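Notes follow once the structure below has been shown.
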Amino acid sequence: MDEAIRVVGGGPLEGEVRVLGAKNAVLKQMVTVLMVEGRHTLTNVPGILDVSIMQEVLEHVGATCVREGNTLRVDVPSELNPEAPLDLVRRMRASTIVLGSLLARCGEARVAFPGGDDLGARPIDLHMKALEAMGAEFSLDHGVLTGSAPGGLRGAEIDLEFPSVGATENALLAAVLARGTSRIHNAAREPEIRDICCQLREMGADIDGDGTATITVNGVEDLQPVAHRVVPDRLEAGTYAVAAAISGGNVVVQDCVPEHLRMELVKLEAVGCEIETGGDWMRIVGPDRPRAVDVATLPYPGFHTDMQPQMVALLSIADGTSVVTENLYDARFRYVGELARMGADIGVEWQHAVVRGVEGLSGCPVIAPDIRAGAALVLAGLRADGETTVTGVSHIDRGYEDFVGRLSSLGADISRS
Ligand code: EPU
């Protein structure tokens, strides 16, 4: 049976909390290593469920993984089995990132075609178009997408219609070992992509322009295995910032990069938080009651869609009405019904949520539908009257190492059963 997190709303959170490496960087960096034989090391790896699932993907492909604390060693053999089966892709759609690296390394890749999920339809057409521009061919048979590169991958001009994170990453990995120069136009600019480029450069890749809208990759013949430290998780850091804000607390988040959360911090200031930042830390002091503020999610450096549910939880108790617009996913407001069970007053019209702030929430049983909404429901519980029980906890485990322990160390009345 799924476990539950029980949280009793109460006083302000206070103290310090450390965050680990970014889920959305490390999952791709675990796949990057497949491009060259040898022993690779990743440090600052979070102890989260998605990393365990990606370890299963790597082992299915033929690599050996050993995790000790927050260090992961991966031994990549000379021969790989270039496939990601359905049970793994269903459990974690980020498995599709093997397409680019396996095509580059093996000239072929078989990946179960991912369906939609709780956030929406989530197609991978842009990934395929980018790889096709580089000479890959695809066929879809019985739910399995088979890619091959008969003449080898070659550098190309790749024009992404939308700065998709996954499509940028697949194109990048394929380009690193392709013949000639590739330019990815309208590339995603996320800090996690910059960190993947950083790891690839350490391995010997020739990449320029990451962090801008055009990434240039000159293909190289060989790469070497390296040790790489994963960039801090801005979403984990941002979630603890909202925990401080919603509880009217005073929390220092350590080992993070506040610069990667500029827009999220601008909005937290607008609701009334006092924020102090250093190079790798930030202090968030929450207001007694937040002010209403409008938020629209956008690709980086805009407000992150993965911070939207936490922000809606915060705005649900604001003084006034906020309009929250979701521009990335077509079904990201599904959790709002659970917040409504706690007394939130939120109307959803297509991609807009009208959040009419209420004076208080009231604890009750709720179900976490995905990682970030799960975290948001726990945060709402911190401010609710009485006990909130969140089930669907495995979603939260996918993205947060010891969420309960960390909140508890800040003084939350929280436990897991
Ligand atoms: N899209 C397409 N076609 C494509 C690719 C994307 O239409 O070929 C659309 C998607 O359907 C979606 C939008 O573009 O509506 C954004 O998708 P993107 O490709 O940028 O996202 P992703 O690579 O699938 C990563 C993160 C998500 C995060 C998004 C946006 C990982 C493993 N996942 O997904 O993280 O929301 O970028 O920043 O990196 C999470 O951590 O909770 C999470 C969902």
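Results, tabulated for the structure shown:
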| item | result |
| --- | --- |
| Ranked by how many other beta carbons lie within 10 Å on average, peptides 309-317, 278-286, 382-390 from highest | 309-317, 382-390, 278-286 |
| Protection proxy ranking, peptides 228-237, 287-296, average beta carbon neighbours within 10 Å, highest first | 228-237, 287-296 |
| Among Ala22, Ala227, Ala178, residue whose mean-square fluctuation peaks in a GNM of the chain (springs only between Cα atoms under 10 Å) | Ala227 |
| Percent of alpha-carbon pairs separated by more than 17 Å within the range 43-146 | 55 percent |
| Proximal charge balance of Gly374 [Cβ under 11 Å; K/R count +1, D/E count -1] | -2 |
| Spherically averaged projected area in nm², based on the convex hull that wraps the Cα atoms of the chain | 18.1 nm² |
| Total charge dipole magnitude, the range 230-378, about the Cα centre, Cβ charges on Lys, Arg, Asp, Glu only, Debye to nearest 20 | 240 debye |
| Rg followed by Dmax, in Å, when the range 23-229 is reduced to its Cα trace | 15.3, 42 |
| Per-residue HN-Hα couplings for the range 364-374 [Karplus 6.51, -1.76, 1.60; θ = phi - 60°; Hz; x = Gly/Pro] | 6, x, 9, 10, 7, x, 7, 4, 6, 5, x |
| Scaled radius of gyration (Cα, divided by 2.2 N^0.38 Å) that the range 310-417 gives | 1.03 |
| Net +/- balance of residues flanking Val354 in space, Cβ distance below 12 Å, scoring K and R +1, D and E -1 | -2 |
| Whole-angstrom gap from the range 302-369 to the range 154-211, using each part's C-alpha centre | 34 Å |
| Rel. contact order, % - alpha carbon contacts under 8 angstrom, at least six apart, the range 94-241 | 20 percent |
| Karplus (6.51, -1.76, 1.60) ³J(HN,Hα), θ = phi - 60°, over the range 127-138, in Hz, Gly and Pro reported as x | 4, 5, 4, 5, 6, 5, 4, 9, x, 7, 10, 10 |
| Listed peptides 74-83, 136-145 by packing density, highest first (mean Cβ within 10 Å) | 74-83, 136-145 |
| Inverse of mean 1/r across different Cα pairs in the range 147-191, Kirkwood, Å | 11.0 Å |
| At q = 0.18, 0.19, 0.28 Å⁻¹, base-10 log of I(q)/I(0) for the range 59-100 (Debye sum, equal scatterers on each alpha carbon) | -0.62, -0.69, -1.04 |
| Value of Rg/Rh across the range 365-417 [Cα atoms, Kirkwood radius] | 0.92 |
| Summed residue charge, Cβ within 9 Å of Val253's Cβ, Lys/Arg positive, Asp/Glu negative | -1 |
| Karplus 3J(HN,Hα) series, Hz, for the range 393-408 with 6.51 cos²θ - 1.76 cosθ + 1.60 (x for Gly, Pro) | 5, 4, 4, 5, 4, 5, x, 10, 7, 6, 4, 5, x, 5, 5, 5 |
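Every read-out reported here was derived from the displayed coordinates using simple, explicitly stated rules and does not represent laboratory data. Please read these numbers as outputs of a predicted model, since none were measured by experiment. Every residue, glycine among them, receives a Cβ derived from its backbone with ideal geometry; neighbour counts consider all protein chains shown.
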